[in-house]
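Participant: Here it is, the structure in full.
The values are calculated or read from the model by the stated rules, or taken from the named source; none is laboratory data. From a predicted model like this one, the values you see are computed outputs, not experimental measurements. Here Cβ is always computed from backbone atoms with ideal geometry, including for glycine, and neighbour counts include all displayed protein chains.
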């Protein structure tokens, strides 16, 4: 016996299929066998950061590009530069948490950088370990500047070329740990590509 669906059901189903097919997930998550619920440390452009916060696992949301309409990227990481201070610029690296993670919504690193900090200056972080001491920068959780943390970060890869706005060569990976008044962040690892631009980018300077 044939089952006839009402026409409006067919239309709803068609629209749902079209919307799903217009989304692209650019995050790859491989769990670390030695660290439950954390991603492996990688340098492949997997577009994920994970760590333990107060011994609970935290991971960033998936990087999803929705191409319907104007097209919009929902990224897991964003980099901003503030150049309003007279003596130096400020670089903020913000990681957005996955909605299914019972932890803070975001983790950020704020760094004091030289005035007129540029793409080529970002590359100076490549293969560099930095002590974040509260003077040259600080960590924060949920964008709460009342709780600033110290720690260390090792930039395994930090490459940003303006002529390669969407390419795999714009890479950012490494490991970090931090201590804040209410939070202890351990075993942090990150691996991202860094497209530049408004609707399809994660770098805004």
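Participant: So which strands (runs of 3 or more DSSP E) stay within the stretch 109-205 end to end and still have 1 or more residues that are modelled with pLDDT of 95 or more and closer than 21 Å to residue 57 by Cβ? I'd like the intermediate steps shown before the answer.
Facilitator: Details: elements: 128-132, 137-141, 150-158, 171-179, 184-193.
Output list reads 137-141, 150-158, 171-179, 184-193.
Participant: Sticking with this one: Quick one: would you say residue 159 is more than 17 Å from residue 90 (Cα to Cα) and without any contact (Cβ under 8 Å) to a residue 60 or more places away in the chain? Walk me through it before giving the result.
Facilitator: Values: more than 17 Å from residue 90 (Cα to Cα): yes; without any contact (Cβ under 8 Å) to a residue 60 or more places away in the chain: yes.
Taking the combined requirement at face value, the residue satisfies it.
Participant: Going through 129, 59 one at a time, which residue ends up being surrounded by 15 or more Cβ atoms within 10 Å (Cβ to Cβ) and out of contact with any helix residue (DSSP H, G or I) (no Cβ under 6 Å at 6 or more places or on another chain)? Outline the logic, then answer.
Facilitator: Working: 129 fails: surrounded by 15 or more Cβ atoms within 10 Å (Cβ to Cβ).
The conditions single out 59.
Participant: For residues in the stretch 20-34 being in contact with a strand residue (DSSP E or B) (Cβ under 6 Å, 6 or more places away or on another chain) and assigned to a strand (DSSP E or B), which is farthest from residue 200 (Cα to Cα)?
Facilitator: For the stretch 20-34, the residue satisfying everything is 32.
Participant: I need a count of the residues in the stretch 42-55 that are assigned to a loop (DSSP other than H, G, I, E, B) and surrounded by 19 or more Cβ atoms within 10 Å (Cβ to Cβ).
Facilitator: Count: 3.
Participant: Evaluate the following for residue 58: is it under 15 Å from the mean Cα position of the chain (by Cα), closer than 24 Å to residue 120 by Cβ and either in a strand (DSSP E or B) or in contact (Cβ under 8 Å) with a residue 40 or more places away in the chain (or both)? Show your work before the answer.
Facilitator: Working: under 15 Å from the mean Cα position of the chain (by Cα): yes; closer than 24 Å to residue 120 by Cβ: no; either in a strand (DSSP E or B) or in contact (Cβ under 8 Å) with a residue 40 or more places away in the chain (or both): yes.
Spelling it out, it is not the case that residue 58 is under 15 Å from the mean Cα position of the chain (by Cα), closer than 24 Å to residue 120 by Cβ and either in a strand (DSSP E or B) or in contact (Cβ under 8 Å) with a residue 40 or more places away in the chain (or both).
Participant: While we're here: Hey, among the residues in the stretch 66-103 that are touching a residue at least 60 places away in the same chain (Cβ under 8 Å) and under 14 Å from residue 192 (Cβ atoms), which one's surrounded by the most Cβ atoms within 10 Å (Cβ to Cβ)?
Facilitator: 75
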